[in-house]
1. Please find, within the range 236-279, the residue that is farthest from the chain's Cα centre (by Cα) out of those that are among the hydrophobic types (A, V, I, L, M, F, W, C) and farther than 27 Å from Ile190 by Cβ.
2. Return the total of residues in the range 286-298 being open to solvent by less than 50 Å² (accessible area, probe 1.4 Å) and within 22 Å of the chain's Cα centre (by Cα).
3. Of all residues in the range 240-273, which are modelled with pLDDT of 90 or more, assigned to a helix (DSSP H, G or I) and not aliphatic (A, V, I, L, M)?
4. List every residue pair whose Cβ atoms lie under 6 Å apart, where the two residues are 6 or more positions apart in sequence or sit on different chains, the first residue falls within the range 148-169 and is within 19 Å of Ile127 (Cα to Cα) and assigned to a strand (DSSP E or B), and the second residue, located anywhere, is of a type in the set (Gly, Ala, Ser) and open to solvent by 10 Å² or more (accessible area, probe 1.4 Å).
5. Only one of these is free of Cβ contacts under 8 Å to residues at least 24 places away in the same chain and either touching a Leu at 6+ places or on another chain (Cβ under 7 Å) or open to solvent by 30 Å² or more (accessible area, probe 1.4 Å) (or both): Gln104, Gln114. Name it.
6. Let me spell it out: the conditions are (1) at pLDDT 90 or above; (2) open to solvent by 50 Å² or more (accessible area, probe 1.4 Å), and Pro153 meets all of them except one. Which number is the exception?
7. Would you check if Ser42 is of a type in the set (Gly, Ala, Ser), open to solvent by less than 90 Å² (accessible area, probe 1.4 Å) and either touching a Pro at 6+ places or on another chain (Cβ under 7 Å) or modelled with pLDDT under 90 (or both)?
8. Name, by its number, the condition in (1) free of Cβ contacts under 8 Å to residues at least 12 places away in the same chain; (2) under 28 Å from Val171 (Cβ atoms) that does not hold for Tyr145.
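The values are calculated or read from the model by the stated rules, or taken from the named source; none is laboratory data. Because the structure is predicted, anything quoted here is derived from the model rather than measured. Using ideal geometry, Cβ is built from the backbone for each residue, glycine included, and neighbour counts are taken over all protein chains shown. Only protein heavy atoms, including side chains, enter the accessible area calculation; ligands, DNA and RNA are left aside. Shrake-Rupley method; radii C 1.70, N 1.55, O 1.52, S 1.80 Å.
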Amino acid sequence: MRQKLSGRSISIGIIIITMIYYPIKSSFSYQKRDYRSRFRVSLYTDSLSFKSNVPIILNIRVDNISNRKESFYIYDEVYTSFQPVIYDIKGREAEIIVPYRLKQIGIDKVLKNQNPRVITLSTNESIIHSINLRNIYNLKVNTIYRVKGFFFPRVKNHIAIPSDNILTFKVLESKAVVKKSEIKKIDHTITPSEIILLVLSAEQNGDWDKYIKYFKLENYINAFPNYVNIYNKADDKKRLKIIGNFVKFITRKRSDYILSFNILNESVFREKNIAYVEVEVRRFGLSKPFIYKYKYTMQMYNYFWLIIDVEATVRTVKRS
């Protein structure tokens, strides 16, 4: 015989359902709030209009706004940890050209065999990621676009932090014919990419006197934890000795000597006297060669670019 449920039984059932459901929902909401309380994301560009034949560089700035050190992952694969979204004034997304998006491949599959770099920021410290929007979207001339950025501290978790601001920019058609009066004077300054080519050529040839003159050693030492810790604690006299030992270290003869190198990208921000150069370097290995990807940070001193920092990743390749 079917028994009627009492009011007490119904109440107990509701309590059990509530205990099961709401902790899950609350935990998810807290995770979203937790990431936003750690980082702030903002966007900026060097211009509000771009000719159709020049890169459109978007700078995505991530600030640690928490009261402790915070870490996140970044990948070399484009459009992963940093994902700008571009749409026109009617709200339609521009034509995206990211290969894995076009093939509708999930982000988990894209990053399956990739090792991320762990970035740690102290309180009030920030990092700037620069990206050429033309590598992500097919942008039409004489069109106004808006861009919003999304930062994924753990991209596999699919939790994004949107940028505080939205930028508006316009793509202009470049003129094929330039009048003689409009031709600019030739800039004879050595470019950041040319400096990196000179540095790597000097290392390849063992010409260390030429090699060392392209570095701002007092800044570049910060890229090497074993040296910067003792350097920061030392007095001026000891620092000179530490710099001397550091120079010996970076000019040592390496067993993984350079086989070849190739410049991948250059970004120059003249108003800040800062430049970034990405380069691929192929080095010798006993069983397999290595391919390093270096990202050099450079700063201008007295009209001359000097290296102040470097990030490096490495992967093995099969010998051909």
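1. Leu240
2. Number satisfying all stated conditions: 7.
3. Lys241, Gly244, Asn245, Phe246, Lys248, Phe249
4. Qualifying pairs under 6 Å: Phe150/Ala160; Ser163/Ser42; Asp164/Ser42; Asn165/Ser42.
5. Criteria check complete, one pass: Gln104.
6. Among (1) at pLDDT 90 or above; (2) open to solvent by 50 Å² or more (accessible area, probe 1.4 Å), the lone unmet condition for Pro153 is (2).
7. Values: of a type in the set (Gly, Ala, Ser): yes; open to solvent by less than 90 Å² (accessible area, probe 1.4 Å): yes; either touching a Pro at 6+ places or on another chain (Cβ under 7 Å) or modelled with pLDDT under 90 (or both): no.
So Ser42 does not fit the description; no.
8. (1)
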